[in-house]
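Peer 1: I'd like to ask you about the structure that follows.
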Amino acid sequence: MERVRVFPLTCVVQNYAWGKVGEDSEVARLVVDGDPLTVIEDGKPYAELWMGAHPKGDAQIKDNRVAQTTLGQWIASFPACLGSKVKDKFQGRLPFLFKVLSVNTALSIQAHPNRELAARLHAQFPQHYPDDNHKPEMAIALTHFQGLCGFRPVDQILGFLHSVPEFRALVGNEAAEELQCSVEDAVHTRLVLKNCFTRMMNCEKKVFVDQLNMLVKRVTEEGAAAKDTSSSNGDLLLRLHSQYPGDIGCFSIFFLNHIMLEPGQAMFLGANEPHAYIYGDCIECMACSDNTVRAGLTPKYIDVNTLCEMLNYSPAPAASKIFLGVPDGADPCVTVYDPPVPDFSVLRIQIPPSLPQYTISPVDSASILLVTEGHATATCATGLSEIMLRRGTVLFVSANESISLEEVSPVGVTMFRACCLL
């Protein structure tokens, strides 16, 4: 009997406290649209949908012709499904984890180590760093999406040091003046910026909590008097402080770019890039790792020394952090998000209703496909039965398999496909 090479998955939902609640969550809505028998609980957060074979969230196979119960088991049994290059490069493992995130309150400010640092941290502190892999990640906005990413241009940081005395008090006059004098020399700027950020992160708790309370009081009073608080980044400050009162991360908004993504825009978070997601829904793809070094906006362990040593202190404008998909020259329906790492790429496939038939092209990599809009009937060369695709359907597609779609819905079909384009 021919082995089934394309099959639907039931994926794991993570109910982290920062997620959007009940049916406000795109994660919850996708799960229910994919399986109408799912019960969504009103007061419960639905933060992440994990589509992959990660041990903490291995997807269940929804096909009674397949003996294995999870995707991880199936890949272990049939590693050739990954494609020969992917199988060899990533030791027979699916190299990425594909997710949907619905963010209601900010995630911790964090950075992910490169491979070399990950291996060292894992060897020294396995309780905090569970594996030895790097964790580059890319977020593609499904709705308006806000985050923090990378160090701001120096003139913006100097502006805040000038207009926010509470921030300057944590960095110190001497370090602030040194930053002012370093503007002409990029290498020196990075060293001075590192010193400024490290001084703030190492501030005594009582000192920064007092300064934060003074700042929040001042901005609240200015807002009540209808004054413009943008020179203190007031709106974002009050939002984060309401979620994480007394947290040093509230001051990081004066160092880091505030990024606003429109649907379809992305941001790529390479090794050592400080970042945090603030609000919105996104598709996320990442290397299969759980290594995170935290810097604030969190009740979890903060490894200040590792963080301050590892960060990329190259200042750059917010616009430079926005990552755009590129039209696929061979298929006008496809937009390719291809970050500068080998572990993963994401394709957005938008099929207009005017196309009665469409073929999802084969790639030399296993892929995971999520339908976010519309419905269609799918067939593939090796599987005899049809698969109904609708919003919320998640498919595993073995390497070098093509899928034919027919009966495309009146709104067309939108899908995101994660794969590894070596």
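Peer 1: For the chain, take the longest principal axis of its alpha carbons; what is the angle in degrees between that and the long axis of helix 154-163, to the nearest 10 within 0 to 90?
Peer 2: 50
Peer 1: Given 0.36 nm per residue, what is the gain on full extension from residue 379 to residue 68 after removing their alpha carbon distance, in nm?
Peer 2: 109.8 nm
Peer 1: Can you tell me what the convex hull of the Cα atoms of segment 155-254 projects to on average, as an area in nm²?
Peer 2: Computing the convex hull of the Cα atoms and averaging its projections yields 6.0 nm².
Peer 1: Residue by residue, what Karplus-based ³J(HN,Hα) values in Hz, rounded to whole numbers, does segment 223-233 have, using 6.51, -1.76 and 1.60 with θ = phi - 60° and x for Gly and Pro?
Peer 2: x, 5, 8, 6, 7, 6, 9, 5, 5, 10, 6
Peer 1: Further question: Leaving out ligands and nucleic acids, and using a 1.4 Å probe, what accessible area per residue does segment 155-254 come to in Å²?
Peer 2: In whole numbers, segment 155-254 has 51 Å² accessible per residue.
Peer 1: Right, something else. Calculate what fraction, in whole %, of the accessible area of the chain sits on carbon and sulfur atoms when a 1.4 Å probe is rolled over the protein chains.
Peer 2: Accessible surface attributable to carbon and sulfur in the chain totals 53 percent.
Peer 1: In whole Å, what is the distance between the alpha-carbon centres of segment 354-394 and segment 1-28?
Peer 2: 17
Peer 1: What FRET efficiency comes out for the pair residue 155/residue 44, r = Cβ-Cβ distance, R0 = 51 Å, nearest 0.05?
Peer 2: Efficiency, rounded to the nearest 0.05: 0.70.
Peer 1: Just the accessible area for residue 369, please: 1.4 Å probe, Å², rounded to the nearest 10?
Peer 2: Number for this one is 10 Å².
Peer 1: So, in nm, how far is label residue 309 from label residue 187 when the simple model puts each one 7 Å beyond its Cα toward the Cβ?
Peer 2: Result for the modelled spin labels: 2.2 nm.
Peer 1: Now, a different point. Could you give the longest part of the chain that holds none of the GluC sites (Glu not before Pro) found in DSSP loops with at most 12 neighbouring Cβ atoms within 10 Å?
Peer 2: 205-422
Peer 1: While we're on this one: Please give the contour-minus-distance gain from residue 123 to residue 230: 0.36 nm per residue of separation, less the Cα-Cα distance, rounded to one decimal in nm.
Peer 2: 34.1 nm
Peer 1: Sticking with this one: Kindly rank 256-267, 141-152 from highest to lowest mean number of other beta carbons found within 10 Å of each residue.
Peer 2: The densest-packed peptide leads the list: 141-152, 256-267.
Peer 1: A further question on this structure: With a 10 Å cut-off between alpha carbons and a GNM built on the chain, which of 194, 62, 300 moves the most?
Peer 2: Per the Cα network of the chain with a 10 Å cutoff, 300 tops the list.
Peer 1: Could you tell me what a quarter of the Cα convex hull surface of segment 86-160 works out to, in nm² with one decimal place?
Peer 2: Orientation-averaged projected area of the Cα hull: 8.2 nm².
Peer 1: How far apart, in nanometres, would the label points at residue 209 and residue 3 be if each is projected 7 angstrom from Cα along the Cα-to-Cβ direction?
Peer 2: In this crude spin-label approximation the distance works out to 5.8 nm.
Peer 1: Between 50, 18, 74, find the one with the highest GNM mean-square fluctuation for the chain; connect C-alpha pairs within less than 10 Å.
Peer 2: 74
Peer 1: Can I ask one more? Lysines near residue 321 by alpha-carbon distance under 20 Å, same-chain residues fewer than 8 away left out - which ones?
Peer 2: 135, 194
Peer 1: If I fit a long axis through the Cα atoms of helix 115-124 and take the longest principal axis of the Cα atoms of the chain, what angle between them do I get, 0 to 90°, rounded to 10?
Peer 2: Result, in degrees: 80.
Peer 1: Moving on. For the pair residue 217 and residue 116, how long in nm is the line joining their label points, each one 7 Å along Cα→Cβ?
Peer 2: With each label point 7 Å from Cα toward Cβ, the separation is 4.8 nm.
Peer 1: Another one. How much length would be gained if the chain were fully extended between residue 300 and residue 80, taking 0.36 nm per residue of separation minus their Cα-Cα distance, in nm to one decimal?
Peer 2: 75.3 nm
Peer 1: So if R0 is 35 Å, what FRET efficiency would residue 24 and residue 177 give, r being the distance between their Cβ atoms, rounded to the nearest 0.05?
Peer 2: The pair residue 24/residue 177 has a calculated efficiency of 0.15.
Peer 1: Also, I was wondering about something else. Counting helices only, and only those DSSP H runs with n ≥ 4, report the 222 nm mean residue ellipticity of the chain as the sum of -39,500 (n - 2.57) divided by its residues, in deg cm²/dmol to the nearest 500.
Peer 2: My calculation for the chain gives -7500 deg cm²/dmol from helical runs alone.
The values are calculated or read from the model by the stated rules, or taken from the named source; none is laboratory data. Model, not experiment: these values are computed from the prediction. A quick note on method: Cβ atoms are made from the backbone with ideal geometry, for glycine too, and the neighbour counts reach across all protein chains shown. The area values use the complete protein model at the heavy-atom level, side chains included, leaving out ligands, DNA and RNA. Shrake-Rupley method; radii C 1.70, N 1.55, O 1.52, S 1.80 Å.
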